[in-house]
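Enquirer: Pasting in a structure now, in structure tokens, and then I'll have a few things to ask.
The values are calculated or read from the model by the stated rules, or taken from the named source; none is laboratory data. Predicted model only: the values in this text are computed from it and were never measured. So basically every Cβ, Gly included, is an ideal-geometry build from the backbone, and we count neighbours across all protein chains shown.
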Amino acid sequence: MQTIRRAAERGRANFGWLDSRHTFSFGEYYDPAHMGFGPLRVINDDRVAAGGGFPTHPHRDMEIVSYVLEGALAHKDSIGTGSTIRPGDVQRMSAGTGIAHSEFNASKTEPVHFLQIWLLPERRGLTPGYEQKNFDAASKRDRLRLVASPDGREGSVTIRSDAALYAALLGKDARVAHDLAPGRGVWLHVARGAVAVGDVTLAEGDGLAVKDEQSLEIVGRAAESEILLFDLGA
């Protein structure tokens with residue numbers, strides 16, 4: 001079974017310095033039909049103007065992944081981490097028992113475009129933590145590269161959630177396939193470009209939920225497309 005979530009149907013918040021599209025209910029956007037998918041709770045497609053950003057604010061009991069598409073994002077948190085996240089980087093912040101952080105556009109002249117992803121943790125009350133790794137374009141070219149997993153296998157960042165996150169950069173007509181274990185689902189998010197799954201074409205910002213299927217094949221339909229694939233428990 002497949003369910004399409006079109007980009008134009010997402011929630012939106014625009015504060016001038018921030019233009020954000022919400023795949024699932026978030027903030028003042030509430031849609032009971034779109035509260036998440038398995039442990040995947042948030043995909044916010046954020047564009048932050050030059051010099052703008054989120055001042056220090058708290059989180060708890062959530063695994064938060066940031067994935068930069070363009071520009072650079074400056075991060076600081078209450079456990080002493082300071083970093084800049086750029087395209088190719090995957091940042092994981094475990095909020096656990098409580099963490100505060102800020103995120104600002106690292107540039108005074110150029111915007112930053114990134115995805116912020118929230119996943120429900122395996123249990124509440126975990127110790128807060130941080131991890132960041134870079135996955136170069138070659139490692140994602142026409143293949144699904146594991147970038148986050150519960151056990152950190154294959155050099156991925158470790159997320160304490162029943163989820164595995166893959167990223168791929170697909171050329172036109174390039175094909176990748178993913179097998180689903182029984183009881184698991186997939187959420188596919190198109191970050192850039194366009195892809196096809198069977199007879200369905202997905203454009204930038206579109207999402208696809210997949211349940212009760214054994215596998216899916218994804219075909220690039222643009223000169224270059226960037227996708228995120230979440231393999232999720234119930």
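Conditions (1) surrounded by 14 or more Cβ atoms within 10 Å (Cβ to Cβ); (2) free of Cβ contacts under 8 Å to residues at least 60 places away in the same chain; (3) over 24 Å from Thr109 (Cα atoms); (4) out of contact with any helix residue (DSSP H, G or I) (no Cβ under 7 Å at 6 or more places or on another chain), marked per residue:
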| position | (1), (2), (3), (4) |
| --- | --- |
| Trp17 | yes, yes, no, yes |
| Ser20 | yes, yes, no, yes |
| Tyr29 | yes, yes, yes, yes |
| Tyr67 | yes, no, no, yes |
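Enquirer: So Arg12 ticks every box in (1) at pLDDT below 95; (2) outside any loop (DSSP other than H, G, I, E, B) but one. Which box is left unticked?
Expert: Condition not satisfied by Arg12: (1).
Enquirer: Further question: Select the strands (runs of 3 or more DSSP E) contained entirely in the range 190-234, then report the ones holding at least 2 residues which are among the small types (Gly, Ala, Ser) and in contact (Cβ under 8 Å) with a residue 40 or more places away in the chain.
Expert: The strands (runs of 3 or more DSSP E) meeting that bar are 207-210.
Enquirer: Also, quick follow-up: Given the residues Phe54, Phe104, which is the only one that is at pLDDT below 95, touching a Ser or Thr at 6+ places or on another chain (Cβ under 9 Å) and surrounded by 14 or more Cβ atoms within 10 Å (Cβ to Cβ)?
Expert: Answer to the check: Phe54.
Enquirer: Can you pull out every residue in the range 31-50 that is surrounded by 14 or more Cβ atoms within 10 Å (Cβ to Cβ), over 14 Å from Leu119 (Cβ atoms) and out of contact with any Phe, Trp or Tyr (no Cβ under 7 Å at 6 or more places or on another chain)?
Expert: Scanning the range 31-50 gives Asp45, Arg47, Ala50.
Enquirer: Tell me which residues, restricted to the range 184-234, are of a type in the set (S, T, N, Q) and closer than 23 Å to Pro87 by Cβ.
Expert: Ser225, the sole residue that qualifies.
Enquirer: Looking at Arg153, Arg124, which is the one that is more than 22 Å from Gln2 (Cα to Cα), free of Cβ contacts under 8 Å to residues at least 12 places away in the same chain and either surrounded by fewer than 14 Cβ atoms within 10 Å (Cβ to Cβ) or of a type in the set (S, T, N, Q) (or both)?
Expert: So the residue among Arg153, Arg124 that is more than 22 Å from Gln2 (Cα to Cα), free of Cβ contacts under 8 Å to residues at least 12 places away in the same chain and either surrounded by fewer than 14 Cβ atoms within 10 Å (Cβ to Cβ) or of a type in the set (S, T, N, Q) (or both) is Arg153.
Enquirer: Counting only residues that are touching a Gly at 6+ places or on another chain (Cβ under 9 Å) and part of a loop (DSSP other than H, G, I, E, B), how many does the range 15-44 have?
Expert: 13
Yes or no, residue by residue, for (1) more than 21 Å from Arg21 (Cβ to Cβ); (2) surrounded by fewer than 18 Cβ atoms within 10 Å (Cβ to Cβ); (3) among the β-branched types (Val, Ile, Thr):
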position: Ile64; (1), (2), (3): no, no, yes
position: Ile79; (1), (2), (3): yes, yes, yes
position: Ile85; (1), (2), (3): no, no, yes
position: Thr109; (1), (2), (3): yes, yes, yes
position: Gln132; (1), (2), (3): yes, yes, no
position: Arg141; (1), (2), (3): yes, yes, no
position: Ala148; (1), (2), (3): yes, no, no
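Enquirer: Please specify each residue of the range 85-124 satisfying the condition of being of a type in the set (Ser, Thr, Tyr) and in contact with a strand residue (DSSP E or B) (Cβ under 6 Å, 6 or more places away or on another chain).
Expert: Ser94, Ser102
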